1. Which residue out of B:18, B:6 is polar (S, T, N, Q) and over 16 Å from the mean Cα position of the chain (by Cα)?
2. Which residue pairs have Cβ atoms closer than 6 Å, lie 6 or more positions apart in sequence or on different chains, and pair a first residue in the range B:97-108 that is more than 14 Å from chain A (Cβ to nearest Cβ) with a second residue that is modelled with pLDDT of 95 or more?
3. Give the residues of the range B:134-163 that are hydroxyl-bearing (Ser, Thr, Tyr) and more than 13 Å from the chain's Cα centre (by Cα), sorted by residue number.
4. Within the range B:141-160, restricting attention to residues that are in contact with a Gly (Cβ under 7 Å, 6 or more places away or on another chain) and either surrounded by fewer than 22 Cβ atoms within 10 Å (Cβ to Cβ) or within 11 Å of residue B:180 (Cα to Cα) (or both), which residue is nearest to the other protein chains (Cβ to nearest Cβ)?
5. Give the residue that is farthest from the other protein chains (Cβ to nearest Cβ), with candidates limited to residues of the range A:15-28 that are surrounded by 15 or more Cβ atoms within 10 Å (Cβ to Cβ) and of a type in the set (A, V, I, L, M, F, W, C).
6. How about the range B:78-90: which of its residues are under 14 Å from residue B:189 (Cα atoms) and either without any contact (Cβ under 8 Å) to a residue 12 or more places away in the chain or buried (at least 21 other Cβ atoms within 10 Å of the Cβ) (or both)?
7. Would you be able to tell me the number of residues in the range B:193-243 that are among the aromatic types (Phe, Trp, Tyr), at pLDDT 90 or above and not in a loop (DSSP other than H, G, I, E, B)?
8. Could you look through the range B:44-74, keep only residues that are in contact with a helix residue (DSSP H, G or I) (Cβ under 8 Å, 6 or more places away or on another chain) and buried (at least 21 other Cβ atoms within 10 Å of the Cβ), and pick out the one that is nearest to residue B:160 (Cα to Cα)?
Amino acid sequence: MELNDFIKNFAGQFDETPVELFSSKTIFKELEEWNSLTALSIIAMIDEEYEKTITGANLRSSSTIEELYSLVLSK
Amino acid sequence: MYNPFSLKGKTILVTGASSGLGQSIAIEASKMGASIIITGRNHVHLQQTYNMLEGDNHQKIVADLANIDDIKLLVEQCPLLDGCVNCAGIAKLILIQFIKKESVEDIFNINTFAPILLTSLLVKKKKIKHGASIVFISAVSGVYMSSVGESLYSATKGALHGFVKGIALDLAPKGIRVNSITPGLVPTNILNEAKEMFSEDDIFERRKKQYPLGRFGNPEDIAFGSIYLLSDASKWVTGSALLIDGGLTLNGI
């Protein structure tokens, strides 16, 4: 699993946010499009692509996309 | 003592009785004097429910209703019934873009196909007496409203809603009544997965505010509705959906 693929998959759950805004350092909860629906999409994407189950609490405890990526790796 | 809601002398099958609403319905119906046949997938949990039933003359049958052979075995072992409550169900939160054939099949197998096939077989094998009452636990979700990620769950419950109306007509000449209950949110372990995804403090607290009566449902709130529909107090009621939702759908969400 590559960080760059993870960022691409992460960005794929958004419709309005320009793709350039997604990087390892992106603080995803500050994105305008971040809401409970995109959060649910991220959880489902991680389940589908990486077969890992993360919780809402996991999302809350991560700040950047890279942090979330590390968390998924550690599962 | 005068009690039009008594279930004394009635034999009632309750599916999904291992936990949640099914367990509560089985217990409360036993307290109203019924002989209960409980069924569920998990032997240990089923035994726990069995131990909580009041009185004797009850029976437990382990069956996985997602499996047609288990449905057949269950029907074979069932005595003649005065009532049946279809409670077994699962909840799944899936956004539209993540739906796969397997997830559609899983949830429809348990929530919709199993109760339809069970009822059909019970009727075919003449296990349901004249004057009996069949109850389906549907939901407000899929009949009056839905929520994000609930499309499949809503679809399974909406399907049951239509099914109830149809078979109420089919079975009226046999003197069998068929009704459903559409509960609002009753926190039982059916919601464990959703709880993990969100957390109680955000979505659950926000949702609670949508209930004019100020709380989510208790399993007994639904069990008491089932008792009414199973009893002779409702003998002129068929094809109806009893709304038990703490006022949730008044808000026109």
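1. B:6
2. As it stands, the answer is B:107/B:152; B:107/B:156; B:108/B:156, since those pairs meet every condition given.
3. At the first step, the residues of the range B:134-163 found to be hydroxyl-bearing (Ser, Thr, Tyr) are B:138, B:141, B:144, B:146-147, B:151, B:153-154, B:156.
B:141, B:144, B:146, B:147, B:151, B:153, B:154, listed by residue number.
4. Across the range B:141-160, the extreme among qualifying residues is B:154.
5. A:22
6. We begin by selecting, within the range B:78-90, every residue under 14 Å from residue B:189 (Cα atoms); these are B:87-90.
Answer for the range B:78-90, where residues must be under 14 Å from residue B:189 (Cα atoms) and either without any contact (Cβ under 8 Å) to a residue 12 or more places away in the chain or buried (at least 21 other Cβ atoms within 10 Å of the Cβ) (or both): B:87, B:88, B:89.
7. So the count comes out to 2.
8. My answer is B:65.
The values are calculated or read from the model by the stated rules, or taken from the named source; none is laboratory data. Quantities reported herein were computed from a predicted structural model and do not represent experimental measurements. Counting neighbours? That spans all protein chains shown, and the Cβs are built from the backbone with ideal geometry, glycine included.
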